[in-house]
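Read-outs throughout are calculated quantities, based only on the coordinates presented, and are distinct from any laboratory measurement. Keep in mind that what you see is a predicted model, and the values were worked out from it rather than measured. Glycine gets a Cβ as well: all are built from the backbone with ideal geometry, and neighbour counts include every protein chain shown.
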Amino acid sequence: HALHLPHDEL
Amino acid sequence: MNIFRILGDVSHLLAMIILLVKIWRSKSCAGISGKSQVLFAIVFTSRYLDLFTNFFSIYNTVMKFVFLMCAYITVYLIYGKFRKTFDNENDSFRLEFLLIPVTGLSFLENQSFTPLEILWTFSIYLESVAILPQLFMISKTGEAETITTHYLFFLGLYHALYLANWIWRYQTENYYDQIAVVSGVVQTIFYCDFFYLYVTKVLKGKKLSLP
């Protein structure tokens, strides 16, 4: 997975 | 969203509310490290910049906003409203020992070299060590009020539950984030000693004091 951000985690 | 994630968020929120209630009710921030609280405010500020760039859910936006508010209100109570009760003397951890390595590491070890990504990485690394001034203060004074230990317990529980969240996501989605996982392990280790004292002393009705 090249995409890192965005995260849903807080 | 899995059960570990939601319980982790609830623990985190509960920890911050316990701290605010403790300070507000006793009108005192004795035994609380202002430096740790400033670090947490920096953590949330540098991590939640995506409030302006991404929308996930109402839950996500509201929680981020609440976390930011709690962090800033806590800092204000310690350095503003109740500053006379703040134990500046024992809050003597040198912040540069944390900030310099964490800043350096976030530039060196990140997913991609972009401002938001570096700031996010910085916030993750910083969060993993932000509690050290507080733990240092307790080891220096040799004791902690029981309510302060409840705060630390829920903060540690949040870290442990987030680790479970990452394991769950790896098992079910085959997704993992190395930076979050490694930092999560590091920060949870910092709490182990405290967890032991919490279970063996505080839960049996004794005050947490170090020999």
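Going by what's in this entry, would B:T85 be described as closer than 21 Å to B:Y125 by Cβ and polar (S, T, N, Q)? Talk me through it step by step, then tell me what you get.
On the way: closer than 21 Å to B:Y125 by Cβ: no; polar (S, T, N, Q): yes.
In short, no.
Only one residue in B:F107, B:F67 is in contact with a helix residue (DSSP H, G or I) (Cβ under 9 Å, 6 or more places away or on another chain) and closer than 26 Å to B:L13 by Cβ, so which one is that? Give the derivation first.
Numbers: B:F107 fails: closer than 26 Å to B:L13 by Cβ.
Answer to the selection: B:F67.
Quick one: in the stretch B:45-58, which of the residues that are assigned to a helix (DSSP H, G or I) and facing chain A (nearest Cβ under 9 Å) is farthest from B:Y125 (Cα to Cα)?
Applying the first criterion (assigned to a helix (DSSP H, G or I)) to the stretch B:45-58 yields B:45-51, B:58.
After this cut, where a residue has to be facing chain A (nearest Cβ under 9 Å) as well, the list is B:47-48, B:50.
Working: B:R47: 11, B:Y48: 14, B:D50: 17 Å.
Among them, the one singled out is B:D50.
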TODO: Would you please name the residue that is surrounded by the most Cβ atoms within 10 Å (Cβ to Cβ), looking only at residues in the stretch B:123-161 that are under 21 Å from B:P211 (Cβ atoms) and among the acidic types (D, E)?
DONE: B:E145
- [ ] Starting from residues that are surrounded by fewer than 17 Cβ atoms within 10 Å (Cβ to Cβ) and among the basic types (K, R), keep the ones in the stretch B:63-101 and report whichever is nearest to B:R25 (Cα to Cα).
- [x] B:K81
Task: Residues that are touching a residue at least 12 places away in the same chain (Cβ under 8 Å) and either assigned to a helix (DSSP H, G or I) or not acidic (D, E) (or both), drawn from the stretch B:89-106 - done: B:N90, B:S92, B:F93, B:L95, B:L98, B:L99, B:V102, B:T103, B:L105, B:S106
